[in-house]
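Take a look at the structure set out below.
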Amino acid sequence: GEAFFAERRVTVQGRAHGTAPIERLILMRGREIVHIVQPRQFDEIESSTRIRISWEGARIRGRARRATWDGKILLDGVRLVQATTFGFDSPADGIVSQDDSKVVFMSSTVGDVDGIDLFLEEGVKGILVFESKIGTVTLDLEKLGQKEKIFDFGELGLKVKIQRYPEELDLAPLAMEYTIDLQPGKTNPFLIKGIQEDGQIVWSSPIYITPQS
């Protein structure tokens, strides 16, 4: 929450050690994403057999905002070894059943993120279908590379994200250092958002920096 003046260019440093492996640190200026750092394991995920599917958002603002996603994940041309959940915050939600080609789940979100990790026998081939009450997504895993695929269903940020994910992350600190020019004539609010492998999120207190005139 500290506020101070600085020269036009500043270097922001941050370091986090979580209760679970850290997936990424995000430097933000207000709502703007300025810089992202991730562990080294994300540099080599083209053939990872771990596929992460997450979904989030809400219907509307207010009491009726709950979005019900209940559905299933289907696999064709590739065998599922195991599926595990992350981010679920209700004992009523979770995986209902799973076999080597299907996962049935129950899930509701009100702006938060729920997700399932698929551990596959092979990760570079096969068709994945995500069917839910919100919408359906079909993806050829051969077309899923380093970059995540995002599917937008509108309303208040209803979306599905599918990505290759490191098969294992280290429980180690993650550090960030980034130099940036301040926006002139205004106060620049900087903060760092950390996301863990288990979906838990932490925010630093903002620091307000105004460039010297």
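The values are calculated or read from the model by the stated rules, or taken from the named source; none is laboratory data. All values reported here derive from a predicted model rather than from experimental measurement. Cβ placement follows ideal geometry from the backbone for every residue including glycine, while neighbour counts extend to all protein chains displayed. Remember, those area values only see protein heavy atoms, side chains included, never the ligands or the DNA or RNA. Shrake-Rupley method; radii C 1.70, N 1.55, O 1.52, S 1.80 Å.
Okay, here's what the table says:
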quantity: Trypsin sites (Lys or Arg not before Pro) within segment 130-213, DSSP loop, no more than 16 other Cβ atoms inside 10 Å; calculated: Lys133, Lys147, Lys186
quantity: Cα pair distances of segment 3-116 binned at 10 Å [whole percent]; calculated: 10, 29, 31, 21, 7, 2
quantity: Extreme residue, positive dipole direction of segment 1-117, given options Gly87, Val10, Leu75 (C-beta unit charges); calculated: Val10
quantity: Amide H contacts under 5 Å for Val34, placed H, 5+ residues apart; calculated: Leu27, Met28, Arg29
quantity: Residue-wise HN-Hα coupling along segment 105-113, computed from phi with Karplus coefficients 6.51, -1.76, 1.60 (Hz; x: Gly, Pro); calculated: 9, 10, 7, 10, 10, 10, x, 7, 10
quantity: Per-residue HN-Hα couplings for segment 116-126 [Karplus 6.51, -1.76, 1.60; θ = phi - 60°; Hz; x = Gly/Pro]; calculated: 9, 9, 9, 9, 9, 5, 9, x, 9, 9, x
quantity: Leu182 long-range amide H proximity, modeled H, under 5 Å; calculated: Arg9, Val10
quantity: Residues Val202 and Ala6, FRET efficiency given R0 of 30 Å [Cβ-Cβ distance, rounded to 0.05]; calculated: 0.75
quantity: Solvent-accessible area per residue, Å², over the chain with all protein chains present [probe radius 1.4 Å]; calculated: 55 Å²
quantity: Antiparallel DSSP beta bridges within the chain, percent to nearest 5; calculated: 95 percent
quantity: Carbon/sulfur fraction of accessible area - the chain, other protein chains in place, 1.4 Å, %; calculated: 47 percent
quantity: Low-density loop positions, GluC sites (Glu not before Pro), segment 158-195 - DSSP coil, at most 16 other Cβ in 10 Å; calculated: Glu167, Glu168
quantity: Cut-off under 5 Å, modelled amide H: who pairs with Asp70 long-range; calculated: Ser107, Lys133
quantity: Mean Cα-pair separation over length for segment 55-213, i.e. relative contact order, pairs under 8 Å, 6 or more apart, %; calculated: 22 percent
quantity: Hz values of 3J(HN,Hα) by residue in segment 66-79 - Karplus curve (6.51, -1.76, 1.60), Gly and Pro given as x; calculated: 4, 10, 9, 9, 2, x, 8, 10, 10, 10, 10, x, 8, 9
